[in-house]
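Chemist: Encoded as structure tokens, here's the structure I'll be asking about.
The values are calculated or read from the model by the stated rules, or taken from the named source; none is laboratory data. If you're wondering where the values come from, they're calculated on a predicted model, not measured in any experiment. Reconstructed Cβ throughout: ideal geometry from the backbone, glycine too, with neighbour counts over all protein chains shown.
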Amino acid sequence: MPALDGVTGLRVVADARAIDDARWVAAGGSDVTLLRIAPDEVIAIDAVAVELDDGHAIVVDERGLVAATCPIDDVRRRTEWPLTAEAEVSQGAVAGVPVKLVRLDADHVRIFTAAAYAHDLADRLGWPT
Amino acid sequence: MSGANLRDGTSSGGRLVVDGRPLAFDEGDSVAVAMLRAGEWPGRGGTLCLAGDCGNCLATVDGVAYMRSCQVAAAPAMSVDRHPADAMPPLPAWADAQLDGDVAVGEPAVEREVADVVVIGGGRSGRAAAATASVDGREVVVLDAGTGEEVVGVYPGPTIVARTPAGMRHVTATEVIVATGAAEIQPVCPGAELRGIVTARAAQRLHASGVALPDAVAIGTPPEGVPCRPLDGVLVRFVDDGDGHIGGVVTADPVTGVETTTACRTAIVGLGWSPRDVLARMAGPTVPVSVVGSAAADHALPPPADRAAIVCRCMGVSVADLEEASGAGYGELELLKRATLAGIGTCQGGACLPHVRAWSAAQAGKAPEPFTARPAARQPTLGEVAADVTVDAFRRTPLHDEHLALGATMDRFGGWWRPWHYGDAMAEYRAVREGVSIGDVSTLGKLVLSGPDVVEALERLYPCHVADIKPGRSRYALLLNERGHVMDDGMILRESETRFVLTFTSGGAANAEMWLRDWIETWGLRVHVLDQTMSLAAVNVTGPLAGELLRRLGLDETPRYLGHRRAAVAGVPCHVMRLSFTGEAAFELHHPLDGSVELWRALMDRGADLGIRPHGLQALFGLRLEKGHVIVGMDTELDTTPRRLGMDWAVRMEKPTFIGRAALERTGKLPDHRRLFGFTMDGLAPTEGSPIRVGDEIVGHVSGSWTSPVLGKAVMLGWQKRSPFADRVEIDGREALVTSTPFYDPEGHRARA
């Protein structure tokens, strides 16, 4: 049964080109997963530092998200948009809860939501709350 | 009409239960055909089309009301209850239990898909349209009621929602083709509500099914191959046999007008066709929908109906009703529909629209465009409507479980679960006024703005000065729209020359964020915006001993009033903001979510000997009322200006520009008849929402009320909406005095202490 756990990283708002060219530093032994949720905003999961060419960039620790990896069929029926193989990162509502989805492979996704929504999302998907 | 089976007099399918009595049916029968075969009339009267176009065969089938029995295949042990002729069907017996939550009902599955083209209708036109659409490789979905895929609505998107045997199907497409054919025109004349009348196509279907049509006459175009006596002349009325069944038909010579009465037991009416285009009429102007085949044909309208006739059987609208509404000025077809309700019933105008158009054409000299239709074209069950629909998710702060452990009663407020009280709101109030208390304010909106144009942006967005706020200082601000109406309020906190933090109300944060982003983008200013509302938690530490508690937890230097700084509290990195909504010294500690429980527990632990208690919204609302602080959305209305709140001080009209300035300048020169006042009176506070009277006239209402322990009387905020404004009013049958705010500590010494 999937379970939502807290994730950490950096949230950055900056010029789009600066984000394109950003150099990320990951927590030890992990890779940085980038959720580019807008041209000027990115959530870098497991990042601990970043070099950016934007003196006014906003860079903050992000500790308000939870995530779980689950079979795509767990969320397909409750997703407002068709889950296509082309979309690597998508965002919208699953079971009425705002989420971001990262397609891991043909059968699995990693689902992110704000910790404030964790209880509702888990409850609606039948996961442990 | 008799129920003789022309084949062999026996049944081959099984038995239904109709109105509590068993009834045999043949394999392949619809419920309606099975009832006719047995000599029962589906529904309570009116012409049967057996094509799903009218509402004359409605029944409750296996507990589901408003089913067209002609479209439901008969099945063994199926329970069928005909609807009453002149009332809504009763709720099934299980409904009460379900409403009480005692019965769990399965939720239909929902299948979502995307296609290039959706073709509704699987007849000849539909198949041709599907073949054409798929030629260039486009993905085409055909939804055909004949195979059980019954479209209930066409929505913007466009998204087509269909009921299928497997559940609900939601198809989003770029193009919709309606190929649903044509419906037969129903007779509209006296006696049309009788049993024994069928359309020509229905007669053919019954004949093909082996159901006899005894002593049948045909009016209009007779059905091919069905034994009947064709009548000359135009239909005038049907004659009641005294038992609700037709006993004859009156026709008239179209030239001489001479009437002829013909005795019969079955009347077959072939009065022409009308487009079955309800789904196209539902689509709206923005949905790319086209209509093909008979549904697009220009069928002739029927002759105008007799004045006494019922034109819309679903809603019981007569021709006389159309005349009355038109005479009152509702002549245009859309208005006529709304004024009389013709066309809003079960069949969404499928039966009445040609007659309403014909009547309107006779009045105006030309046929009007058909009126629009609204979903659903078929009555879905509540389960089908609710399938996969979710209510709003209410957010939880990271302290939710702490509140529950402390015995909090939680309530939903501004999109969040929040503690209403912890069992003793008065003790919570006293902790704030006399000692120290903490409150969970994680729900506040929190934005970070950064960029070379940030001051310029905020000066335009807010009615107060921004440029003179020094780093480390903050200012209360209203947020206005272009009309000068208050949208939200909060704090502007400056961190550096080019970086600010903004706070907003819990319920208004999302709207405020969109508002800021839209304007900044519109102006093309170089400002980055980050929403941290759900990334940061916040605890308000308030009361005369708040500073002492924070010093115990490592905050040696607390900010002075309206100051703020970054510092660790109990080892948790915080943005410490010195504000006050309670009227006492108050420090908001904004911090990362994962430090929230640790911080909360440290505050409770180190404040134990100071008498610390957490406070909920109930106490907070009383505390703020004593200070006369407004809550946007509770005390304000959609068109509330700063002047109406008595908050002109928050608007600096000497600024050359800000959103809402032009409107405030214009309306500021006009007399105003609305004002939010403070009121006090002896005794207990009246209920919020209580009317405020001057003499016999209600002049406003109470927007917030609290029985103040520290002041020993009731304090209120409330509206007067009549000028001249009164100094003394009556609330809850008692005299109340207009009183300037703040009621408590008007000089603000305690908040600054």
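Chemist: Among the residues of the range B:223-256, which ones are among the acidic types (Asp, Glu) and either touching a residue at least 40 places away in the same chain (Cβ under 8 Å) or surrounded by 13 or more Cβ atoms within 10 Å (Cβ to Cβ) (or both)?
Modeler: B:Asp240, B:Asp241 - these are the residues of the range B:223-256 that are among the acidic types (Asp, Glu) and either touching a residue at least 40 places away in the same chain (Cβ under 8 Å) or surrounded by 13 or more Cβ atoms within 10 Å (Cβ to Cβ) (or both).
Chemist: Let me ask something additional. Would you point out the residue of the range B:414-447, among those that are away from chain A (no Cβ under 14 Å) and of a type in the set (Phe, Trp, Tyr), that is farthest from B:Thr533 (Cα to Cα)?
Modeler: Only one residue tops the list, namely B:Tyr429.
Chemist: Working only within the range B:558-575, note down all residues that are at negative phi and out of contact with any Lys or Arg (no Cβ under 8 Å at 6 or more places or on another chain).
Modeler: B:Arg565, B:Arg566, B:Ala567, B:Ala568, B:Val569, B:Val572 - these are the residues of the range B:558-575 that are at negative phi and out of contact with any Lys or Arg (no Cβ under 8 Å at 6 or more places or on another chain).
Chemist: Please count how many residues of the range B:469-490 are surrounded by 19 or more Cβ atoms within 10 Å (Cβ to Cβ) and within 15 Å of B:Val455 (Cα to Cα).
Modeler: Residues meeting the conditions: 3.
Chemist: Name the single residue that is nearest to B:Val436 (Cα to Cα) among those in the range B:553-571 being hydrophobic (A, V, I, L, M, F, W, C) and over 43 Å from the mean Cα position of the chain (by Cα).
Modeler: Among residues in the range B:553-571 that are hydrophobic (A, V, I, L, M, F, W, C) and over 43 Å from the mean Cα position of the chain (by Cα), the one nearest to B:Val436 (Cα to Cα) is B:Leu553.
Chemist: Considering (1) away from chain A (no Cβ under 14 Å); (2) over 31 Å from the mean Cα position of the chain (by Cα); (3) not basic (Lys, Arg), say which one B:His528 fails and leave the rest.
Modeler: Against the list (1) away from chain A (no Cβ under 14 Å); (2) over 31 Å from the mean Cα position of the chain (by Cα); (3) not basic (Lys, Arg), B:His528 comes up short only on (1).
Chemist: Criterion first (on the phi < 0 side of the Ramachandran plot, of a type in the set (Asp, Glu), at pLDDT 90 or above and surrounded by fewer than 19 Cβ atoms within 10 Å (Cβ to Cβ)) does A:Glu51 satisfy it?
Modeler: Judged against the criteria, A:Glu51 is a match.
Chemist: If you don't mind, another one. Which of the residues belonging to the range A:67-77 are more than 8 Å from chain B (Cβ to nearest Cβ) and over 14 Å from the mean Cα position of the chain (by Cα)?
Modeler: Listed by number, the residues that qualify are A:Pro71, A:Ile72, A:Asp73, A:Asp74, A:Val75, A:Arg76.
Chemist: For the range B:257-289, what are the residues that are at pLDDT below 95 and surrounded by fewer than 16 Cβ atoms within 10 Å (Cβ to Cβ)?
Modeler: Within the range B:257-289, B:Gly257, B:Gly284, B:Pro285, B:Thr286, B:Pro288 meet the criteria.
Chemist: Hey, another quick one. Can you pull out every residue in the range B:495-550 that is of a type in the set (Ser, Thr, Tyr) and part of a loop (DSSP other than H, G, I, E, B)?
Modeler: B:Thr498, B:Thr505, B:Ser506, B:Thr533, B:Ser535 - these are the residues of the range B:495-550 that are of a type in the set (Ser, Thr, Tyr) and part of a loop (DSSP other than H, G, I, E, B).
Chemist: Could you run through the range B:561-578 and say how many residues are of a type in the set (Gly, Ala, Ser), surrounded by 21 or more Cβ atoms within 10 Å (Cβ to Cβ) and part of a strand (DSSP E or B)?
Modeler: Summing the residues that are of a type in the set (Gly, Ala, Ser), surrounded by 21 or more Cβ atoms within 10 Å (Cβ to Cβ) and part of a strand (DSSP E or B) in the range B:561-578 gives 0.
Chemist: Does the range B:406-414 contain any residue that is crowded, with 24+ Cβ neighbours inside 10 Å and assigned to a loop (DSSP other than H, G, I, E, B)?
Modeler: No: the range B:406-414 contains no residue that is crowded, with 24+ Cβ neighbours inside 10 Å and assigned to a loop (DSSP other than H, G, I, E, B).
Chemist: For the range B:611-645: of the residues being assigned to a loop (DSSP other than H, G, I, E, B) and acidic (Asp, Glu), which is farthest from B:Gly543 (Cα to Cα)?
Modeler: Looking at residues that are assigned to a loop (DSSP other than H, G, I, E, B) and acidic (Asp, Glu), I get B:Asp639.
Chemist: A further question on this structure: Scanning for something basic (Lys, Arg), crowded, with 19+ Cβ neighbours inside 10 Å and either within 22 Å of B:Arg237 (Cβ to Cβ) or touching a strand residue (DSSP E or B) at 6+ places or on another chain (Cβ under 6 Å) (or both), does the range B:313-324 turn up at least one residue?
Modeler: yes
Chemist: Across the range B:583-610, which residue is surrounded by the most Cβ atoms within 10 Å (Cβ to Cβ) among those that are within 14 Å of another protein chain (Cβ to nearest Cβ) and either outside any strand (DSSP E or B) or touching a residue at least 60 places away in the same chain (Cβ under 8 Å) (or both)?
Modeler: So the residue we want is B:Leu599.
Chemist: What's the number of the condition B:Ile520 fails, among (1) within 12 Å of chain A (Cβ to nearest Cβ); (2) free of Cβ contacts under 8 Å to residues at least 12 places away in the same chain?
Modeler: (2)
Chemist: Here is a further query. Within the range B:164-190, restricting attention to residues that are in a loop (DSSP other than H, G, I, E, B) and under 33 Å from the mean Cα position of the chain (by Cα), which residue is surrounded by the most Cβ atoms within 10 Å (Cβ to Cβ)?
Modeler: So, considering only residues that are in a loop (DSSP other than H, G, I, E, B) and under 33 Å from the mean Cα position of the chain (by Cα), the one surrounded by the most Cβ atoms within 10 Å (Cβ to Cβ) is B:Thr180.
Chemist: Across the range B:388-405, what is the total count of residues that are more than 10 Å from chain A (Cβ to nearest Cβ) and crowded, with 19+ Cβ neighbours inside 10 Å?
Modeler: Result for the range B:388-405: 2.
Chemist: Given the structure, is B:Ala305 surrounded by 22 or more Cβ atoms within 10 Å (Cβ to Cβ) and either touching a residue at least 24 places away in the same chain (Cβ under 8 Å) or over 28 Å from B:Gly153 (Cα atoms) (or both)?
Modeler: Yes, satisfied.
Chemist: Now for a different question. Which residue is surrounded by the fewest Cβ atoms within 10 Å (Cβ to Cβ), if the candidates are limited to the range A:20-41 and must be within 9 Å of the chain's Cα centre (by Cα) and within 14 Å of chain B (Cβ to nearest Cβ)?
Modeler: A:Ile37
Chemist: State all residues of the range A:1-19 that are surrounded by 12 or more Cβ atoms within 10 Å (Cβ to Cβ) and more than 14 Å from chain B (Cβ to nearest Cβ); if no residue qualifies, say none.
Modeler: A:Pro2, A:Ala3 - these are the residues of the range A:1-19 that are surrounded by 12 or more Cβ atoms within 10 Å (Cβ to Cβ) and more than 14 Å from chain B (Cβ to nearest Cβ).
Chemist: Give the number of residues within the range A:51-66 that are within 14 Å of another protein chain (Cβ to nearest Cβ) and part of a strand (DSSP E or B).
Modeler: 9
Chemist: Still on this structure: Can you name the residue in the range B:27-51 that is of a type outside the set (D, E, K, R) and farther than 26 Å from B:Thr147 by Cβ and, of all such residues, is surrounded by the most Cβ atoms within 10 Å (Cβ to Cβ)?
Modeler: B:Thr47
Chemist: Quick one: would you say B:Pro354 is touching a Leu at 6+ places or on another chain (Cβ under 9 Å) and part of a loop (DSSP other than H, G, I, E, B)?
Modeler: no
Chemist: Another question about this same structure. Filter the range A:78-125 for residues that are β-branched (Val, Ile, Thr) and surrounded by fewer than 19 Cβ atoms within 10 Å (Cβ to Cβ); which is nearest to the other protein chains (Cβ to nearest Cβ)?
Modeler: A:Thr84
Chemist: A further question on this structure: When you look at A:Thr69, is it over 30 Å from B:Ser596 (Cα atoms), surrounded by fewer than 19 Cβ atoms within 10 Å (Cβ to Cβ) and not charged (D, E, K, R), yes or no?
Modeler: no
Chemist: Another question about this same structure. Of the residues B:Val226, B:Val161, which is touching a His at 6+ places or on another chain (Cβ under 7 Å), among the hydrophobic types (A, V, I, L, M, F, W, C) and assigned to a loop (DSSP other than H, G, I, E, B)?
Modeler: Unique residue meeting the criteria: B:Val226.
Chemist: Is there a residue in the range B:109-130 that is hydroxyl-bearing (Ser, Thr, Tyr) and modelled with pLDDT under 95?
Modeler: no
Chemist: Okay, next question. Quick one: which residue in B:Ala376, B:Ala325, B:Ala339 is aliphatic (A, V, I, L, M) and either within 24 Å of B:Thr47 (Cβ to Cβ) or part of a loop (DSSP other than H, G, I, E, B) (or both)?
Modeler: Answer to the check: B:Ala376.
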